[in-house]
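The structure appears right after this line, and notes come after that.
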Amino acid sequence: MPTTISTIGSTPTVSKDTTLPPTVDGGARSHTQTYHLGDDFRKEVETECIEETGGVWHQGQYIEVCEFVCRETTTLYQNGVAIYTAQGDPTSTDCPP
């Protein structure tokens with residue numbers, strides 16, 4: 001269920017700060033975007049991706065499989081205090097080269 005927050009008395013301006021591009025550390029990548037929603041509110045969207053590898057035997061041949069599984073977590077802050085957090089469903093793609 002969506003959460004509504006009153007912004008009476010403030011002018012909601014939206015700006016977007018992006019941290020450094022995703023970094024690789026042991027097959028994991030993390031990226032955070034920050035959105036400023038007026039003076040009192042900000043939203044952070046963190047995307048964390050993990051490389052999952054494995055394989056299967058098929059007709060006498062081993063086939064390696066690699067997927068990059070990502071999950072997004074959104075947190076809403078009011079005056080620096082987290083007031084709402086939601087985690088999205090994971091998505092997967094082939095591993096990046």
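The values are calculated or read from the model by the stated rules, or taken from the named source; none is laboratory data. Here the structure is a predicted model, which means the values were calculated and not measured. Backbone-built Cβ (ideal geometry, glycine too); neighbour counts: all protein chains shown. SASA here: full protein model, heavy atoms, side chains in, ligands and nucleic acids out. Shrake-Rupley method; radii C 1.70, N 1.55, O 1.52, S 1.80 Å.
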Look at Y77 and say whether it is in a strand (DSSP E or B), open to solvent by 50 Å² or more (accessible area, probe 1.4 Å) and modelled with pLDDT of 90 or more.
-> no
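Looking only at segment 32-74, count how many residues are assigned to a strand (DSSP E or B) and more than 10 Å from the chain's Cα centre (by Cα).
Number satisfying all stated conditions: 25.
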Can you find a residue in segment 51-60 that is open to solvent by less than 70 Å² (accessible area, probe 1.4 Å) and aliphatic (A, V, I, L, M)?
-> no
Failed criterion for G38 (all others in (1) modelled with pLDDT under 95; (2) at negative phi; (3) surrounded by 13 or more Cβ atoms within 10 Å (Cβ to Cβ) hold) = (2)
Can you work out which of the residues in segment 51-97 that are free of Cβ contacts under 8 Å to residues at least 12 places away in the same chain and of a type in the set (S, T, N, Q) is farthest from D40 (Cα to Cα)?
-> Q59
Mind checking which residues of segment 80-89 are in contact with a strand residue (DSSP E or B) (Cβ under 9 Å, 6 or more places away or on another chain) and either assigned to a strand (DSSP E or B) or closer than 14 Å to A28 by Cα (or both)?
-> A82, I83, Y84, T85, A86, Q87
